[in-house]
Each structure stands twice: as structure tokens, then as C-alpha cells.
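Participant: Below you'll find the structure I mean.
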Amino acid sequence: MPTAGIFHGVHMRRRALLLAFIAVVFPRVLTAQAAGDSTAHIIRNLRSEIAQLRHELDSLNTLRQSDLISQSDMVDRLEETLEKRLSYLETKIDAVSRATAPVAFNPGMTAFINFAARGDSKRVYDLADPANEISNRPFLRTVEMELQGAVDPYASAVAVISVENQAGKDFAIDAEEAYGLLKRLPILEDAPLGMKVKIGKYRAPFGVSNKIHMHDLPWTTRPLAVAKYLGTEHGDFFESGYNPTGMDMDFYLPNPIPATTLEMNLDVVRSGELTLSQGHPGAQPAYVGHVNLSRDWSNRHLLTVGVSAYEEHGPAVTRLYGADVTYKWAPLEQRESHSFVAGGEVFAGRNVYTAAAGSPVSNSPVGWYAYVQYQTSYWLYLGVRYDAVQEPSNDRLTTRSLGEYASYYTTEFLRLRLGYEHRWSDIPAQNNLNTVLLEVNLVFGSHPTEPYWVNK
């Protein structure tokens, strides 16, 4: 075919395409928007038109490379026009996508309300204020708002803002957790050893119980060892635990033991925030480590064993070591209605500091707890926990406690719990204390898919 004929055919085809594009494509997109078509549908149509345009431009470039129409100014102008239209469509897709981004990146929000009442056989007082009685009365213990969502392809963020009861005197607003979670490193574009990095304030990976929020606990009170060694202000009945400010690196280790998973946490945190320090902080920073080995059998039995360590040096020295074990059983055919959990933790601490008189003071307390829980039906969980702990300020004083609990779930959004605790102690005010506990936990908003503690 003569060159003029080829050019004329290409020119007419491109001209017809442009006229059709202007007259049909843009009115159709605008009409779809006016008619309320979904954003996804609009973007799909625009991308389809872009693909068609790219195909036409590729065909034009193929003809040009054959030297048959390389000298045509009209083809150059036609190509320029198509490129402008292509750029316009890509800009339009970006604008539509950005318009929906605030909705896509809104954080998921969950609210938790925890109410608890206690009846005691003798008077009980606030740990922080011996004149403030807390026995035989109800408390709205905490209201938590949990926000979490994606930040970008590399990171997500979590904020747990709590309104905590200060032993009945007032309420305090606290950022119980607020951290960014890097799921892969921007420079490496990868997550070596599956590493995830938390930066901010978070519940430290020391043992098992400390990482669980109050509304997820299988008991109404914190284990005594967790409250007395890791952190508490008003006692184990109120919010307790260790949530430092720092950086946590969570990664998997190469494991020589078949069919097991070996996970490790390494943390650099602000020192002086552990209750075991007794208000005598050491040098900055402090360090936390946790290693966890887990094994699953037939998706029915799960055994996890862990060890933890806290190190704080300087003018005062604080060390805390821990070991934990948890066993869970849940049969595949009855997973929602029957389960069994057993576990415990042991803590061994050492705190050395110089008293005001200049003499050295040291304590090496030991504490532990163990528990079992059995799920009898879809709604009912029964559990027992035993605690024994030496006082962090005087390791010659020991307190023991035996607690029994029955938890009833109407749904995953509402849990009722009735408990009883008996306490023996070398501290006279806490000896032979009997306490009846009633707890109500409510959840609303975006909700995790595994609401029951046994499944976490």
C-alpha cells in the first residue's frame, strides 16, 4: 500500500477515536458520576479507557518505527493529543482515589466499659492512700477507646486511650498504649526474620498476663505478682501492669526444634517505671527481653513456654526474671463450646539501692501464680487461680490468694463474671480477707473476630 494511503487510514482512525473519546467517553463518565455510580465502578471505567488508549499509542509507535509515517506532523500532533488525554485520565483516577482515602484510612474504633463491685469481710484501703477505703462498693474501673488502622504500606498505628478510676476518688485520662508498628523496613523493603517494630508506649512483652488489657483478663483482678512487681498504683483490683515508653523489636528465630515456633522480643525502654524499682531509678535506658517457644498439635493442643528478663543498672540496680507456661486445648468439632486452659508464671526479682542514711538496701522477692479454666458451654467459663508473692519492699512478708471465677457471655459484646477470693497474708490488714466480686464488661464499635480470651 502507498505511504499516503497508510497515513490517510491511520489519520482517519485516530481522528475518529478522538471524536468518539471526547463525545462519548467523558460524557459517559460524568453521567455515571451524576447518577451516583460507585467509586470503584468509575475507576474501573477510567482504567479501561486508559488501557485502550495505551493500546492505540503502541500501535501508532509500531507504525512510526516502520519509517512509513515518521515524517508526518499530523501524526505527531495526534500522538500529543492522545498523550494529554491519557495524562488527564490518570490524574482523574488519582483524584477519585484520594477522595475516598479518608474513608479507607479511618481507624477502626472499639470502646470497652468495665464495671466491678466488691463485697469484703473486712475493710480494704487504697494502696496509694491508706485513708481511702475501697471495700464494699462498686466502681466503674475503666473506659477504654481503642483506635487502630493503617498509616501507609509500611506501618500501622494503635492508640488505647483509657479513663481509669483512681480508687474511687476521681478519674484520670491515660494513653495506656500509643505506638506505631513498622511491619517492614522502608530501606530494605522487607521484614527480616518477620520483624515488627513498635515505637511509642505499649504493654511490655514480659510474660503473658502483662500484655492482656483489663477487659480481656480471665479474672477480675490482676495476679499479685504482676501488680506488685511490674506495676500498680492503687492495687490489683484496679488497672495494673507495665507499659513503658520505648521501642520493641519482635522477630522469629531460626529454630532447630521441628514443628515449633521460636519468637523473641528485644526492648529498649525508659528506666524507673517498674514497681519493683521502689521509686529508686537507675541509669537510662532499661532493657526487656522475652523468648517464646510454641508447639501446636493437630490444631487442638497448643503449648507455649517463655522466659523474660528486665535489666536496669546505675545508682540503683533492678533485675526481674520470669518464666511462663500456657497450655490450651480446644477440639475442632466443639471449639466454640468446649476448651481448657492451664498456665502460670513465676517471677524472681532483685532491687538494690542506697537508703537516705547511706546504707545499702536490697530485696530479692519471688512470686508466682497458676490457674486453670474450663469452658463448659458456649456461654460459661469456670476458672481457679492461686497466687503467692513476697513483698517487693520486704521479701520476708508473703501474701497468698485463692480465687474462683465463673464468666458468662451472652454474646462477645457482653460478659458477666462472678468471683470469690480468699487471701492469707503476713500483713495483718490483708490476712483472712474474703471478697466477693461482680464484673460486667461491655464492648461496642469495631470488634475483633476472636472475642473470647481463650482464643487469643
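The values are calculated or read from the model by the stated rules, or taken from the named source; none is laboratory data. Bear in mind that the values here come from a model prediction, so they are computed numbers and not experimental data. A quick note on method: Cβ atoms are made from the backbone with ideal geometry, for glycine too, and the neighbour counts reach across all protein chains shown. Ligands, DNA and RNA are stripped out before the accessible areas are found, and what is left, the full protein with its side chains, is counted by its heavy atoms. Shrake-Rupley method; radii C 1.70, N 1.55, O 1.52, S 1.80 Å.
Participant: Mind checking whether some residue in the range 227-241 is open to solvent by 10 Å² or more (accessible area, probe 1.4 Å), of a type in the set (D, E, K, R) and assigned to a helix (DSSP H, G or I)?
Facilitator: yes
Participant: Out of all the residues in the range 283-303, which are surrounded by fewer than 14 Cβ atoms within 10 Å (Cβ to Cβ) and assigned to a strand (DSSP E or B)?
Facilitator: 297
Participant: Cβ-Cβ distance below 6 Å, separation of 6 or more or different chains: which pairs start in the range 309-332 with a residue that is on the phi > 0 side of the Ramachandran plot and end on one that is exposed (fewer than 15 other Cβ atoms within 10 Å of the Cβ)?
Facilitator: Matching pairs, first to second residue: 314/283.
Participant: Might you let me know whether the range 304-318 holds any residue that is surrounded by fewer than 15 Cβ atoms within 10 Å (Cβ to Cβ) and in a strand (DSSP E or B)?
Facilitator: Within the range 304-318 (the criterion being surrounded by fewer than 15 Cβ atoms within 10 Å (Cβ to Cβ) and in a strand (DSSP E or B)), the answer is yes, since at least one residue qualifies.
Participant: Going by what's in this entry, would residue 262 be described as among the aliphatic types (A, V, I, L, M), surrounded by 14 or more Cβ atoms within 10 Å (Cβ to Cβ), touching a residue at least 24 places away in the same chain (Cβ under 8 Å) and not in a strand (DSSP E or B)? Spell out how you get there, then give the answer.
Facilitator: Numbers: among the aliphatic types (A, V, I, L, M): yes; surrounded by 14 or more Cβ atoms within 10 Å (Cβ to Cβ): yes; touching a residue at least 24 places away in the same chain (Cβ under 8 Å): yes; not in a strand (DSSP E or B): no.
Considered against the rule, which asks whether it is among the aliphatic types (A, V, I, L, M), surrounded by 14 or more Cβ atoms within 10 Å (Cβ to Cβ), touching a residue at least 24 places away in the same chain (Cβ under 8 Å) and not in a strand (DSSP E or B), residue 262 comes out as no.
Participant: If residue 280 passes every condition in (1) assigned to a strand (DSSP E or B); (2) in contact with a Pro (Cβ under 8 Å, 6 or more places away or on another chain); (3) open to solvent by 30 Å² or more (accessible area, probe 1.4 Å); (4) not basic (Lys, Arg) but one, which one does it miss?
Facilitator: If we test residue 280 against (1) assigned to a strand (DSSP E or B); (2) in contact with a Pro (Cβ under 8 Å, 6 or more places away or on another chain); (3) open to solvent by 30 Å² or more (accessible area, probe 1.4 Å); (4) not basic (Lys, Arg), just (1) comes out false.
Participant: Taking residue 170, is it farther than 24 Å from residue 270 by Cβ, open to solvent by 30 Å² or more (accessible area, probe 1.4 Å) and modelled with pLDDT of 90 or more? Can you show your working first?
Facilitator: Numbers: farther than 24 Å from residue 270 by Cβ: yes; open to solvent by 30 Å² or more (accessible area, probe 1.4 Å): yes; modelled with pLDDT of 90 or more: yes.
Yes, satisfied.
Participant: Which of the residues that make up the range 140-198 are of a type in the set (Gly, Ala, Ser), assigned to a strand (DSSP E or B) and more than 13 Å from the chain's Cα centre (by Cα)? Walk me through it before giving the result.
Facilitator: First pass over the range 140-198, keeping only residues of a type in the set (Gly, Ala, Ser): 149-150, 155-157, 159, 162, 167-168, 172, 175, 178, 180, 191, 194.
From what is left, the residues that are assigned to a strand (DSSP E or B) are 149-150, 155-157, 159, 162, 172, 175, 178, 180.
Hits for the range 140-198 are 162, 172, 175.
Participant: Looking at this structure, is residue 434 touching a helix residue (DSSP H, G or I) at 6+ places or on another chain (Cβ under 6 Å), open to solvent by less than 60 Å² (accessible area, probe 1.4 Å), at negative phi and in contact (Cβ under 8 Å) with a residue 40 or more places away in the chain?
Facilitator: Details: touching a helix residue (DSSP H, G or I) at 6+ places or on another chain (Cβ under 6 Å): no; open to solvent by less than 60 Å² (accessible area, probe 1.4 Å): yes; at negative phi: yes; in contact (Cβ under 8 Å) with a residue 40 or more places away in the chain: yes.
It is false that residue 434 is touching a helix residue (DSSP H, G or I) at 6+ places or on another chain (Cβ under 6 Å), open to solvent by less than 60 Å² (accessible area, probe 1.4 Å), at negative phi and in contact (Cβ under 8 Å) with a residue 40 or more places away in the chain.
Participant: Could I ask something else about it? State yes or no: is residue 324 over 16 Å from residue 202 (Cβ atoms) and open to solvent by 70 Å² or more (accessible area, probe 1.4 Å)? Walk me through how you get there before you give the answer.
Facilitator: Values: over 16 Å from residue 202 (Cβ atoms): yes; open to solvent by 70 Å² or more (accessible area, probe 1.4 Å): no.
Judged against the criteria, residue 324 is not a match.
Participant: Hey, among the residues in the range 345-358 that are touching a strand residue (DSSP E or B) at 6+ places or on another chain (Cβ under 9 Å) and open to solvent by 60 Å² or more (accessible area, probe 1.4 Å), which one's farthest from residue 221 (Cα to Cα)? Spell out the reasoning first.
Facilitator: Here is the first cut: in the range 345-358, the ones touching a strand residue (DSSP E or B) at 6+ places or on another chain (Cβ under 9 Å) are 345-355.
Okay, now just the ones that are also open to solvent by 60 Å² or more (accessible area, probe 1.4 Å), so 346, 350, 354.
Working: 346: 17, 350: 25, 354: 33 Å.
Among residues in the range 345-358 that are touching a strand residue (DSSP E or B) at 6+ places or on another chain (Cβ under 9 Å) and open to solvent by 60 Å² or more (accessible area, probe 1.4 Å), the one farthest from residue 221 (Cα to Cα) is 354.
Participant: In addition: Could you list, ordered by first residue, the pairs with Cβ atoms under 9 Å in which the first is in the range 175-188 and open to solvent by 40 Å² or more (accessible area, probe 1.4 Å) and the second is among the acidic types (Asp, Glu), at least 6 apart or interchain?
Facilitator: Qualifying pairs under 9 Å: 184/190.
Participant: Across the range 199-209, what is the total count of residues that are polar (S, T, N, Q) and either open to solvent by 80 Å² or more (accessible area, probe 1.4 Å) or over 18 Å from the mean Cα position of the chain (by Cα) (or both)? Before the answer, list the steps.
Facilitator: Of all residues in the range 199-209, those polar (S, T, N, Q) come to 209.
After this cut, where a residue has to be either open to solvent by 80 Å² or more (accessible area, probe 1.4 Å) or over 18 Å from the mean Cα position of the chain (by Cα) (or both) as well, the list is none.
Qualifying residue count, the range 199-209: 0.
Participant: Quick one: would you say residue 257 is open to solvent by 10 Å² or more (accessible area, probe 1.4 Å), under 26 Å from residue 119 (Cα atoms) and not acidic (Asp, Glu)?
Facilitator: no
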